[in-house]
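**Student:** This structure is in structure tokens; I'll ask about it shortly.
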Amino acid sequence: MKLNAVYFTPEDWICFRESTVFQSGGDAKTGLPKIETFLGAIKTALIKKAGENPLNLSSELKEIVGDSENPGSLRIWGPFIFNQVNSEIRHYFPSPNGIYRVEEGGEFKLMMPHCSVETEINGKTLKLTWIPSSVEGIETFDGSLIEMNEVSNLQRKLPFSILQSKEISQKLYQVESKVGIALERERKNAEESMLYTLSYYRFKPGAGFFVFADEYTAKTISGLSNVFIGGKTRAAEVDVNTIETEIFNVSQSSKTAICLVTPSVFSNGSLPSDMKIAGCDIKSANIQRKIAVSGWDLAKNQPKPIKHYVAPGTVYYLEGTLDNIQNISSESQDFGYGKYFTVDWDYIGRD
């Protein structure tokens with residue numbers, strides 16, 4: 001499979017602003033920035049290159065960049081992390097939730113559903129994902145990254161490796177976060193329960209963000225040399241290239257696990273209301289905590305409405321014949337929500 005990749009290499013650092021409602025027991029941890037931020041940066045660069053007034057676009061350019069009612073014709077999905085080492089570019093994705101190893105230096109493995117142990121998730125009874133060992137010292141690695149070739153190894157049931165949090169900061173980037181208080185526009189009072197975070201990504205040399213793009217989008221933006229991106233409008237060099245990979249081919253197994261690499265939205269929160277994904281029954285799930293985030297409306301100088309989504313890294317263990325669909329999100333498919341790769345699975349704990 002040949003895919004178009006768009007690389008964003010920052011000059012030094014990039015800052016992203018996210019709004020969230022903080023509640024008792026809530027999780028303020030942030031992951032990678034939203035795809036809408038990169039799409040907005042590309043659209044702004046195209047408007048600037050065309051020399052047009054953003055408030056009075058030509059019909060041709062408006063069809064490309066869209067407006068508040070129309071997303072336009074550009075299609076990208078991600079973002080992910082890349083690192084160029086000499087002539088080799090390495091592509092990193094969110095690791096599936098539930099990766100563990102029994103001892104330091106041992107092989108990494110992915111949790112599988114237990115055949116008889118059950119749990120309740122959002123009022124639904126599912127098989128519990130399980131580590132088939134009770135020895136001390138077992139480590140789990142949620143929030144890690146996995147390189148594209150290592151995804152292939154995982155899919156082929158070969159030994160695979162991941163980048164743990166400490167390795168990410170050593171080899172790819174460091175994140176510094178600051179918290180602010182959102183103000184009500186008229187009274188300048190603190191808006192109830194509303195805070196925002198500024199996340200500063202400081203990349204190592206050769207590292208940055210990348211997204212995938214369809215053929216039309218890749219051709220449209222191939223003439224851009226840089227964009228201004230993030231809360232402080234920092235410059236990032238843009239490069240478009242193609243990569244070959246088979247990791248997004250859909251498994252034909254009767255037991256297939258879907259591993260999210262972009263956010264997803266379902267009608268029933270973390271699970272579809274009919275307990276089916278792509279025509280298959282959900283038998284188990286290892287779900288990252290649902291995240292509530294928002295963008296920042298520069299025109300109104302206030303947060304955009306909060307949206308809840310299932311975070312990348314979530315794994316759904318399915319049984320049945322998987323429909324060959326490109327994404328599983330019930331919303332925001334134009335923004336690449338619900339993208340995934342698959343791995344085969346089986347129950348553990350049988351007699």
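Laboratory data are not the source of any read-out in this text; all were calculated from the coordinates shown. These figures come from a predicted structure and were not determined experimentally. All Cβ positions, glycine included, derive from the backbone under ideal geometry; neighbour counts span all protein chains shown.
**Student:** Suppose the chain between Asn153 and Gln252 were pulled fully straight at 0.36 nm per residue; how much longer would it get relative to their current alpha carbon spacing?
**Tutor:** 33.9 nm
**Student:** Something else: Looking only at Pro272, Pro33, Pro132, which one moves most when the chain is put into a Gaussian network model with springs between Cα atoms under 10 Å?
**Tutor:** Highest fluctuation of the listed residues: Pro132.
**Student:** Let me ask something additional. In this model, which of Lys307/Lys339; Lys49/Lys178; Lys34/Lys255; Lys43/Lys204; Lys34/Lys204 are farther than 29 Å apart at the alpha-carbon?
**Tutor:** Beyond 29 Å: Lys49/Lys178; Lys34/Lys255.
**Student:** Work out from phi, with θ = phi - 60° and the Karplus expression 6.51 cos²θ - 1.76 cosθ + 1.60, the ³J(HN,Hα) of each residue of the stretch 250-258, listed in order in whole Hz, and give x for Gly and Pro.
**Tutor:** Using θ = phi - 60°, the values come out as 7, 5, 9, 5, 6, 10, 10, 9, 8 Hz.
**Student:** If you average the alpha carbon positions of the stretch 64-80 and of the stretch 203-257, how far apart do those two centres end up, in angstrom?
**Tutor:** With the stretch 64-80 and the stretch 203-257 each reduced to a Cα centre, they are spaced 14 Å.
**Student:** Related question: HN-Hα J couplings of the stretch 145-159 from phi, Karplus 6.51/-1.76/1.60, θ = phi - 60°, integer Hz, Gly and Pro as x?
**Tutor:** Listing the rounded values in order: 10, 10, 6, 4, 5, 6, 4, 4, 4, 4, 5, 8, 6, 9, x Hz.
**Student:** In whole Hz, what ³J(HN,Hα) sequence does the stretch 337-344 give by Karplus (6.51, -1.76, 1.60; θ = phi - 60°), x for Gly and Pro?
**Tutor:** 5, x, 7, 7, 10, 10, 9, 7
**Student:** Where in the chain lies the longest segment free of GluC sites (Glu not before Pro) that are both loop residues by DSSP (not H, G, I, E, B) and have at most 15 other Cβ atoms within 10 Å?
**Tutor:** Formally, the longest exposed-site-free interval is 247-330.
**Student:** Kindly provide the helix-only [θ] at 222 nm of the chain, computed as the sum of -39,500 (n - 2.57) over DSSP H runs of four or more divided by all residues, to the nearest 500 deg cm²/dmol?
**Tutor:** -3500 deg cm²/dmol
**Student:** When a footprinting reagent is the concern and you count Cβ atoms within 10 Å, what order do His308, His114, His91 take, fewest first?
**Tutor:** His308, His114, His91
**Student:** Would you please give the FRET efficiency between Glu237 and Lys276, computed as 1/(1 + (r/R0)^6) with r the Cβ-Cβ distance and R0 = 35 Å, to the nearest 0.05?
**Tutor:** About 0.20, to the nearest 0.05.
**Student:** On to the next question. Okay, which of the stretch 144-169 sit inside 15 Å, backbone N to the point 7 Å along the Cα-Cβ direction of Asp344?
**Tutor:** Answer for this model: 152-159.
**Student:** Taking Rg and Dmax of the Cα atoms in Å straight from the coordinates, which label in (i) 19.6, 62; (ii) 20.8, 70; (iii) 21.1, 60 is the correct one?
**Tutor:** Of the listed options (i) 19.6, 62; (ii) 20.8, 70; (iii) 21.1, 60, (ii) comes from this structure.
**Student:** For the stretch 2-344, calculate the relative contact order in percent as a whole number, restricting contacts to Cα pairs under 8 Å that are 6 or more residues apart.
**Tutor:** Normalised by residue count, the contact order of the stretch 2-344 is 27 percent.
**Student:** Considering the chain as a Gaussian network with a 10 Å cut-off on Cα pairs, which listed residue, Lys283, Lys204, Lys166, attains the greatest mean-square fluctuation?
**Tutor:** Highest fluctuation of the listed residues: Lys166.
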